[in-house]
Every structure is written in structure tokens, then in C-alpha cells.
1. How big is segment 1-97 by the Kirkwood estimate over distinct Cα pairs, in Å?
2. Along each of the three principal axes of the Cα atoms of the chain, give the extent in whole Å, ordering the values from largest to smallest.
3. Jot down the per residue volume, in cubic angstrom and as a whole number, of the convex hull over the alpha-carbon atoms of segment 84-177.
4. Listing His79, His112, His32 from the residue with the fewest other Cβ atoms within 10 Å to the one with the most, what is the order?
5. Would you list, by chain and number, the aspartates and glutamates whose Cα falls below 13 Å from the Cα of Lys199, excluding same-chain residues fewer than 8 positions away?
6. Can you check how the C-alpha radius of gyration of segment 30-163 compares to 2.2 N^0.38 Å, as a plain ratio?
7. Of Lys49/Lys223; Lys80/Lys131; Lys80/Lys158, which ones are farther than 22 Å apart at the Cα?
8. Share of antiparallel DSSP beta bridges in the chain, in percent to the nearest 5?
Amino acid sequence: MQVTKGDVPLLEVRDISASYGHVQALKPTSLHVGEGELVTILGPNGAGKTTLMRALTRLTASKGQILFRGDDISGLPTHKLARRGIVMVQEGRGLFPQMTVRENLTIGGYLHPATVDTQMTTVLELFPRLKERLSQVAGSLSGGEQQMLAIGRALMAKPQLLMLDEPSLGLAPRAAAEILGTLSELNRRGIGILLVEQKAPLALKLAQRVYVISLGKIVAELKTDEIKSHHDLARYYLH
Ligand SMILES: Nc1ncnc2c1ncn2[C@@H]1O[C@H](COP(=O)(O)OP(=O)(O)O)[C@@H](O)[C@H]1O
Ligand SMILES: [Mg+2]
């Protein structure tokens, strides 16, 4: 059984920053995700959203402190974060296009070989469309199906915190809504979610809390039930 530690957040980030050469693309930034929370990072193109997600998962070198359920995990490499239950669906999905749906999912389950079959059943219940296409190569799927597969593969690692970098990017509105609806369902099942999104209406519909990022730093933190209209956001975020 998971031991919970009172009010300790699932993820707490203190003053994380990252640079490309001499350019500090991410200025010292602090944020948190509570147990069972769905939090969105909203911001325009080039604001530093991907840099933040990559800094958090150690795909980009970063400074600052990262705590997961109170444990300092700042120095851990990406694969060890996955063992702790922190898994990211990257921008652009990162699938193996020549491999089948089943192979992509199986690879995602490498940390839990004994439960690959049961976990795959769970994932295919969530995404029945993938079940019909298990033998199809990932590269031949539609954009929406590829995003489902990328999320499905991440779920095979049994995340406690699922991070997603613009999963709606490039998708038709209906496919985007379907993907984001699935994230709500996963959140209801108890998975903490940190979602990067550029589309304010979608982000506000899903999230309990929103951070607005602009020019490499968080400029606002808003509870979505306190935002009466999208105009409230315009002070921070013009899109
Ligand atoms: N590999 C890189 N090398 C140099 N600059 C980068 C690199 N990746 C991103 N940047 C710059 O860092 C800033 C933030 O980019 P990014 O995190 O990708 O923004 P977002 O995901 O919000 O669109 C941008 O100015 C971008 O040009
Ligand atoms: Mg990005």
C-alpha cells in the first residue's frame, strides 16, 4: 500500500531553470502538482513549456530542486524517474513508427514485465481503437491514434504522475477533445497529470489549476473555478 505523507504534494518543483548555451530559456520556476490533481501549463509558442517538461524529466540539464512525494529526486536520470512513476509523453510522440502497436505498447511495459498482459488489457479498454490495430505499424496510424498509442505506451509504465507535452498538437478538434477526455478519465482513476497545452479553452475545461508561462517563467497561477471567463486570462496570455 502507498504510504501518503499528509499534505506533501505529489510533485514539488523549486526554482528549476535551464539554459541553451548562454540563453536561459527557463528562468527559476516553482510549481507543484497535488495528489490526484490535473494541472495545466498554458503558454504561447516559444514560452518554454517543452524546456520545462524536459528539465523536469532530466532530458535537458537543469538546476533546482525536484521533490516527488517529499523525496528529493533532483539528481535522478530519466529512466530512474520512470521507476519512481514519473512518465512523460513527449511533444511529437516519440513512437517507433516501423513497429506495431503491440510492440510499442510492450516496450512501454519494460519496467513491469510480469504485468505486461494485464496492463495492456487496461490500456486497450481505454483505447478500443488501438485494439483493432494491434498488428498495424505505428507509422500508419492517424495522428489521433498515434497520440493514443503514445499515451497508452506511457501507461504501460504504470505512472503515478503522467506528464504530457501538447498531446493535442496537430490534431483535429474532435480527436483533441477525445484525447483530453481520456486524460480526465485517467485523473479520475487517481493518476496525477501535468499537461502542457497551448489552447486555453481546452486547458481550462480539464484542469483544476493552471500555470501560465510566458518568456521562460511562470507569470500566473490560477484555479480554474475562479476564472469566470477567458478574458480573465488575457491579462497574462494573449492567443
Ligand atoms: N535545443 C535548443 N537550443 C536552443 N534554443 C532552444 C532549444 N530548444 C528550445 N529553444 C528555445 O527556447 C525557448 C523555449 O522553447 P520551448 O521550450 O520549445 O517552448 P514551447 O514548448 O513553449 O514552444 C525558445 O525561444 C526556443 O527557441
Ligand atoms: Mg513545445
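1. Values: mean 1/r = 0.0695 Å⁻¹.
Averaging 1/r across every pair of different Cα atoms and inverting gives 14.4 Å.
2. Sorted from largest, the Cα extents of the chain read 47, 39, 38 Å.
3. Values: hull volume 8.5 nm³, N = 94.
Looking at segment 84-177, the number lands at 90 Å³ per residue.
4. On the way: His79 10, His112 13, His32 18.
Going from least to most buried by this count: His79, His112, His32.
5. Within reach: Asp165, Glu166.
6. Values: Rg = 15.6 Å, N = 134, 2.2 N^0.38 = 14.1 Å.
Normalised Rg, Cα atoms only: 1.10.
7. On the way: Lys49/Lys223 19 Å; Lys80/Lys131 30 Å; Lys80/Lys158 14 Å.
Too far apart for the 22 Å limit: Lys80/Lys131.
8. Numbers: 20 of 38 bridges.
Approximately 55 percent, going by the DSSP bridge assignments.
None of the figures in this text is laboratory data; all of them are computed from the coordinates on show. Since the model is a prediction, treat every value here as computed from it, not as a measurement. In this analysis, Cβ positions are derived from the backbone assuming ideal geometry, glycine residues included, and neighbour counts consider all displayed protein chains.
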